[in-house]
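*Asks:* A single structure is presented below for examination.
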Amino acid sequence: MKNKILFCLHIPPPVHGSSMVGKYINESVVINNTFLTKYVNLGTSDNVDEIGKGDIRKLLKYIRIIFKIWYQLLVFRPEVCYLAMTAKGGAFYKDVVIGFLLKLFGAQLVIHFHNKGVSVNQHKKLDNFLYQKIFKNAKVVLLSQHLYQDISKYVIKEDVFYCPNGIPDLKLPLIDRRKQNNTSVSLLYLSNLIESKGVFILLKALAILKEKEIPFTCNFIGGEGDINKNQFNAKLRSLNLQEHVQYLGKKYGEDKHEYFSKADVFVFPTFYHNETFGLVNLEAMQYSLPVISTFEGGIPDVVVDGKTGFLIEQQNITQLAEKIIELSSNPEMCYQMGRDGRVRFQEKFTLERFESNFTSILKIIAAN
């Protein structure tokens, strides 16, 4: 007999890491054929810009969400309740109310984190109290073992499961980008223009390349964040990088495919406090691109330093420039890292692998 599972998660819009995983779960034939499932979308925002901002419309949406969950608990009577939870801030308090409601009906609570921040807020009396209560007797799913320390005060290791995110495998052919030495290297950054994603760090590193007369181009793709287009272009002018760098805005589908296909190296020097995994790194690996990223969150589980790319210290401009130069001057290394990254993606980070891992975890939890 199939176990009943109520999924409380985020489904686009808006589009962000947690909502994309929510979409994959919601649409998964494997998950929905293995269990009896019901879904409640926790989203109250219509786009990314609305996240974190409150108004009466979002409050009314949240109240409707509470009633939907309450109704499913009464009628569906799930054995397991899955909650995609925010770790801190105002969204955490809203999720805690939902978590307590789920617990009230006696089902096994599974908390799935796509973010972090518990350890940052655990010194606050109210947060500490709520963490103790919400984690009690709950199971937790994390994206990486590197993220366990964030919740270690409240959850024993036996109650934690690890399930790396995955993305659809486009079945791309292996791309051989080997070039002659001293030819221009094409760099790609894909994320919103957020300072803590390493935008200005990368621009300053590129200024070093220009000073050393290393031939390069770099495309920045993504929406405007705490850095707008005008601020970005002003920084380009101040560093005299206009001939080498361009901001292309958001790209989707074939347009995004084109830029991934033409790039030589993917660069994502994030120091974002909420970074846990970086789905963009998986996209780059699928396109046989070596990745330069940072020791942040679960990224070391994605990018193998020295094998599928390089991991650098956060905000280390000199080190970032050195790694770009190393790859640009060694086409064979660039090709080998890209190929190893693609193999790693296919072995560990496809959507099929995620579905298999996630389903196995839910089976174990439901059986106990």
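The values are calculated or read from the model by the stated rules, or taken from the named source; none is laboratory data. Predicted model, so just to flag it, every value in this text is computed and none were measured. Counting neighbours? That spans all protein chains shown, and the Cβs are built from the backbone with ideal geometry, glycine included.
*Asks:* With the checklist (1) modelled with pLDDT under 95; (2) touching a helix residue (DSSP H, G or I) at 6+ places or on another chain (Cβ under 9 Å); (3) within 24 Å of E213 (Cα to Cα) in hand, flag the one item I317 doesn't pass.
*Replies:* It fails just one condition, (1).
*Asks:* Give the stretch 45-82 a look and list any residue that's within 20 Å of the chain's Cα centre (by Cα) and modelled with pLDDT under 95, or say none.
*Replies:* S45, D46, N47, V48, D49, E50, I51, G52
*Asks:* Here is a follow-up. Could you list, in sequence order, all residues of the stretch 210-247 that are hydrophobic (A, V, I, L, M, F, W, C) and surrounded by 15 or more Cβ atoms within 10 Å (Cβ to Cβ)?
*Replies:* Matches in the stretch 210-247: I214, F216, C218, F220, I221, I227, F232, L236, L239, L241, V245.
*Asks:* Let me ask something else. Taking only pairs six or more apart or across chains, which ones have beta-carbon atoms under 6 Å, a first residue in the stretch 64-78 that is farther than 15 Å from K103 by Cα, and a second residue that is β-branched (V, I, T)?
*Replies:* Hits for this filter: K68/V40.
Let's see how each residue does on (1) of a type in the set (F, W, Y); (2) under 16 Å from F92 (Cβ atoms); (3) at pLDDT 95 or above:
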site	(1), (2), (3)
S119	no, yes, yes
H123	no, yes, yes
Y131	yes, yes, yes
F135	yes, yes, yes
V140	no, yes, yes
Y154	yes, yes, yes
E158	no, no, yes
Y162	yes, no, yes
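*Asks:* Picking from R77, R64, which residue would you name as being surrounded by fewer than 17 Cβ atoms within 10 Å (Cβ to Cβ), touching a Lys or Arg at 6+ places or on another chain (Cβ under 9 Å) and farther than 30 Å from Y272 by Cα?
*Replies:* When all the criteria are applied, what remains is R77.
*Asks:* Answer yes or no: is there a residue in the stretch 353-367 that is under 20 Å from L190 (Cβ atoms), among the aromatic types (F, W, Y), in contact with a Pro (Cβ under 8 Å, 6 or more places away or on another chain) and crowded, with 17+ Cβ neighbours inside 10 Å.
*Replies:* Among the residues of the stretch 353-367, not one is under 20 Å from L190 (Cβ atoms), among the aromatic types (F, W, Y), in contact with a Pro (Cβ under 8 Å, 6 or more places away or on another chain) and crowded, with 17+ Cβ neighbours inside 10 Å, which makes the answer no.
*Asks:* Further, regarding this structure: Kindly provide the set of residues from the stretch 224-253 that are within 22 Å of Q314 (Cα to Cα) and assigned to a loop (DSSP other than H, G, I, E, B), ordered by number.
*Replies:* Of everything in the stretch 224-253, those that are within 22 Å of Q314 (Cα to Cα) and assigned to a loop (DSSP other than H, G, I, E, B) turn out to be G225, D226, I227.
*Asks:* Right, next: Given the conditions (1) exposed (fewer than 15 other Cβ atoms within 10 Å of the Cβ); (2) touching a Ser or Thr at 6+ places or on another chain (Cβ under 6 Å); (3) of a type in the set (S, T, Y), report the number of the one that T34 does not fulfil.
*Replies:* Status for T34: all satisfied but (1).
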